Amino acid sequence: AAPAQFSGNGQYAAYVKYPSAQAVEASRKAPRNRPVPMPRNDMGVVRLSDGNVMLIARVRSFKMARDGGKYIAYLMESDTAAAQSGGGAPAAGGRGGRGGAGGGAAGARTEPGAPLMLRDLAAGTDTRIDDVTSYLFDDAEHVLTYSTASSDSSKTGVWVRDLATGAVTALASGKGNYKSLAMDRKGTSVAFVSDKDDAAAKPRYSLYLGSLVPAKGAKSIGAAEKVVAAGTVGEGVFIADRGRVGFNRDGNVLEFSLAPAPMDTVPADSLIDKAVYDLWHWQDPRIQPQQRIEAARDRNRTYIAAYTPATKKWARLTNDSITTATLADNGKVALGISTLEYAIESTWGEGANDVYLLDPQTGARTLVIKKLDARPALSPGAKYLIWYDAGVWYSHNIATKEKVNLTEKIKGIKFENEEFDSPDNIPAYGSGGWTKDDKSVLLYDRYDVWEVDPAGIVPPRNVTAGAGRKQIRTYRVVNLDTEDRYLDPADPLILTTLDSLTKDGGYAKAKLGASTTPEVILHGAKRYAGLAKARKAEQYLMTQQTYREFPDLWTGTSIASTAKISNANPQEKDYPRGDVELVSWLSNDGVRLQGMLYKPEGFDPTKKYPLIVYYYERLSDGLHGYVAPSGRNVINPHVYTSLGYLIFEPDIVYTTGEPGNSATKAVVSGVQSLIGRGFVDEKHMGLQGQSWGGFQSSFIITQTTMFAAAVPNATVVNMTSAYGGIRWGPGVLRTFQYEHTQSRIGGSLWEYPERYIENSALFKLDRVTTPVLFMANDADDAVPWYQGIEFYNAMRRLKKEAYFVVYNGDVHNPTKRANQKDIDLKMQQFFGNKLKGEAAPDWMKRGIPFLDKGKDQVKMGTPGATGGKDEPTTSGKTPE
């Protein structure tokens, strides 16, 4: 199930139901002479009064009006509707009509539409509208606006349907393309771009604006007006058909996109017998691989412009320097950001932002802040900019230009992340929203919520009265309506809760303008998420989950009392799940750490179990998260506990410059604490990690001999060579992660050469006694796969047991399902052999010579034909 959407009146909830993995796999594997259609998403609509569910197959998207409740509109897959009803007959048993009916010559159809169904939820009837490409309700559910693309040009255009009368009016129609449909929140204006007046071989688009309010003295609305014509936006730029069109919140400014003229390219045949090369220049803002990856983005880049209907003027807001602009709700100002000056420094993690205020009427720009690490935000009323920098929250009064330190009066409390352990600027915990007229803003410390005056006059107030810090419980604001820009002091302030010691979650309520201990609404050993409320009814929706409980949808008239309305994973009852326990211990440094211990179904503490340790960084906050069984390149607790293993996931706390030792201390001390409880088979323990976890695994086995097997997938074993490598997915240099982020060295290779060497397992592999299996794929888009080559060659030279798997053409985390299943199988076989004494498969006994490559895949379907299981276990049952 997917998070659902309430109707405005709270009487219905709609959700997407995704196809099963089995159905997708069956379609993908179907023979060409007997194809099976690819399954599509279904839509469910729940009538909340009695729980009745209506399921509609193969739905592309759905929408409901924010304040409505009578209708739901849903766009069908085009092939489905043709099968459901031919010749324009209504679908799903309802009577229907067409938008923009009428005859005419067939025109070019460049963007095919699909049937849109407008369902009256109470009556259960559908109105069918053919060839729809996009559609929108106004907030109050007065009108439905939609665009169409038909082989009949007279049925192509932009239309508005009066939901009270069913009358359909054309805002624009005829041969051409109609794109980027937008409507203001009040349903009074519609905008789009079209080439209808220039439908030539290379059409140019114009911006159109239509009023849904009849002109004075008129009985009906008129056609949309061309407000910015093609060819009038300046030399070398055009109105874009692929960019954003949208109104600001108040509806008084219309944002649209401009695009530069297409760039010249060199024909491939003109380079025959010519040198073909890349030139890496030391002053390039971006390195060549990044330029290559971002070439399509660069070719299709757009610029933001703003049209003001009141003045009938437009202004350009962004360019190649100021690349982003955020329009204020009232349309009087926009926030612009430029990073160009710091592009080179961003390569190694030291980028910055220049902050501008832009005038949407004239395009004028004013530099406000130079070289800011963070990006500021506009307050909803556009009175302030607010940002966090070096432990302090600041505001900037746009009218007076006054800068105020917002947190200097709050003594003894840190607003920076107290657990952040990377060598970079420490981030804030964030903010929780504004009260009306920008009167106050809510800021978070580690546990509590503060109400702060952006002008710095009213003293800060701890809304949660310090209860979070006393209880070691984190409170965060829940915005029950993301469309509401302000928190209303008259309403209870709904908060999420997370207990740092138990990981239990829930909801509480507090009061703005006061300082009181929050009142608990719901709290328990579960993870609660996705809380939403109907706009005009006391009807709530959420998901709740545990390791054993799937996150189904729950609804009720109060947060404290809900009932389950979906059952999206009924098959889980047929398989053993085991259980999970939160564990705590002291590291060798005296640091209190936590972790999760997953135990098999029917766990008996008097018996000994093989143990596998899996880790990344901090994982224990996920204690109550549901874990679906799956098979791929990481340990799945559900699967491995069903195979009889204990799975231990310890949190790791890092010291800058010592990531390897930090991981070793946390893992070894955590495992020792479990051994002391008597149920761990200490001679049969293994390690497994992927990527950063792979690095930690390969390092740990150079520091201890306590593990009988390790699977460090996609590992880095040599930081000195990986430091200057490329993350081929985004095309960026890897230096930033060593100097500032995850790899936590804290400086360059020239500043701290000894740290790079000390944290590189390669230089210590002579100490290793643990057999290893590892994967490094030759199209890895994150870690240079030659790290796997260095690892393998070193282990081979040292005559140590190692098995190296390379999935040809696959990436960091394999995407090809056959590869995911294969590495899962090999991990099960490897751990089974080393930790449970199972027979070794052929690939462990003899390897696979290059001339035999692929034979294991076609003989018996999967690897491991001899001496081991030949299918991975993902269901909790042993394969037959």
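The values are calculated or read from the model by the stated rules, or taken from the named source; none is laboratory data. Only a predicted model underlies this, so the values are computations on that prediction, with no experimental measurement involved. Glycine also receives a Cβ, built like all others from the backbone with ideal geometry; neighbour counts cover every protein chain displayed.
Values for this structure:
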| item | result |
| --- | --- |
| Evaluation of TYR277 against (1) more than 26 Å from THR169 (Cα to Cα); (2) at pLDDT 95 or above (one fails), failing number | (2) |
| Among (1) over 30 Å from MET706 (Cα atoms); (2) crowded, with 19+ Cβ neighbours inside 10 Å; (3) among the aliphatic types (A, V, I, L, M), the one test that VAL768 misses | (1) |
| Scope segment 484-513; condition acidic (Asp, Glu) and more than 13 Å from GLY433 (Cβ to Cβ); matching residues | ASP499, ASP504 |
| Checklist (1) part of a strand (DSSP E or B); (2) assigned by TED's automatic domain parsing to the domain that holds ALA164 applied to ARG66, failing item | (1) |
| Scope segment 490-514; condition modelled with pLDDT of 95 or more, farther than 29 Å from VAL583 by Cβ and among the small types (Gly, Ala, Ser); matching residues | ALA510 |
| Checklist (1) closer than 30 Å to GLU682 by Cβ; (2) touching a Gly at 6+ places or on another chain (Cβ under 8 Å); (3) at pLDDT 60 or above applied to GLN820, failing item | (1) |
| Number of positions in segment 582-617 that are out of contact with any strand residue (DSSP E or B) (no Cβ under 6 Å at 6 or more places or on another chain) and either closer than 15 Å to SER642 by Cα or among the small types (Gly, Ala, Ser) (or both) | 6 |
| Close pairs (6 angstrom Cβ cut-off, 6 or more residues apart or separate chains): touching a residue at least 60 places away in the same chain (Cβ under 8 Å) and in the same structural domain as GLU402 (by TED's automatic domain parsing) in segment 370-385, hydrophobic (A, V, I, L, M, F, W, C) and part of a strand (DSSP E or B) anywhere | SER379/TRP434; PRO380/TRP434 |
| Top-ranked residue of segment 308-339 - restricted to ones that are touching a Leu at 6+ places or on another chain (Cβ under 7 Å) and small (Gly, Ala, Ser), ranked as farthest from LEU378 (Cα to Cα) | SER321 |
| Enumeration of residues in segment 209-238 that are within 26 Å of VAL143 (Cα to Cα) and without any contact (Cβ under 8 Å) to a residue 40 or more places away in the chain | SER211, VAL213, PRO214, ALA215, LYS216, GLY217, ALA218, LYS219, GLY222, GLU225, LYS226 |
| Test: residue in segment 532-545 that is among the acidic types (Asp, Glu) and surrounded by fewer than 17 Cβ atoms within 10 Å (Cβ to Cβ) | yes |
| Odd one out for SER206, checked against (1) in contact with a strand residue (DSSP E or B) (Cβ under 7 Å, 6 or more places away or on another chain); (2) surrounded by fewer than 16 Cβ atoms within 10 Å (Cβ to Cβ); (3) of a type in the set (S, T, N, Q) | (2) |
| Residue list for segment 225-273, filter: touching a Ser or Thr at 6+ places or on another chain (Cβ under 8 Å), small (Gly, Ala, Ser) and assigned to a loop (DSSP other than H, G, I, E, B) | ALA229, ALA230, ALA240, GLY243, GLY251 |
| Test: residue in segment 235-257 that is at pLDDT 95 or above, among the acidic types (Asp, Glu), within 23 Å of GLY176 (Cβ to Cβ) and touching a Pro at 6+ places or on another chain (Cβ under 9 Å) | yes |
| First in segment 621-632 and basic (Lys, Arg), second anywhere and assigned to a loop (DSSP other than H, G, I, E, B) and at pLDDT 95 or above, Cβ under 7 Å, 6 or more apart | ARG632/PRO814 |
| Inter-residue pairs, beta-carbon under 7 Å, first in contact (Cβ under 8 Å) with a residue 60 or more places away in the chain and in segment 280-291, second hydroxyl-bearing (Ser, Thr, Tyr), 6+ apart | ILE287/THR347 |
| Qualifying residue in segment 649-657 (condition: modelled with pLDDT of 95 or more, part of a loop (DSSP other than H, G, I, E, B), among the polar types (S, T, N, Q) and surrounded by fewer than 21 Cβ atoms within 10 Å (Cβ to Cβ)) | yes |
| Lone qualifier among TYR528, TYR507, TYR547 - being farther than 22 Å from ILE472 by Cα and in contact (Cβ under 8 Å) with a residue 12 or more places away in the chain | TYR547 |
| Leading residue by the ranking (farthest from GLN696 (Cα to Cα)) among those in segment 750-764 that are among the hydrophobic types (A, V, I, L, M, F, W, C) and surrounded by fewer than 18 Cβ atoms within 10 Å (Cβ to Cβ) | TRP750 |
| Helices (runs of 4 or more DSSP H) enclosed by segment 676-778 - at least 2 residues per element that are outside the structural domain of ASN636 (by TED's automatic domain parsing) and at pLDDT below 95 | none |
| Residue satisfying condition, being out of contact with any Asp or Glu (no Cβ under 8 Å at 6 or more places or on another chain) and not acidic (Asp, Glu), within set GLY236, GLY176 | GLY236 |
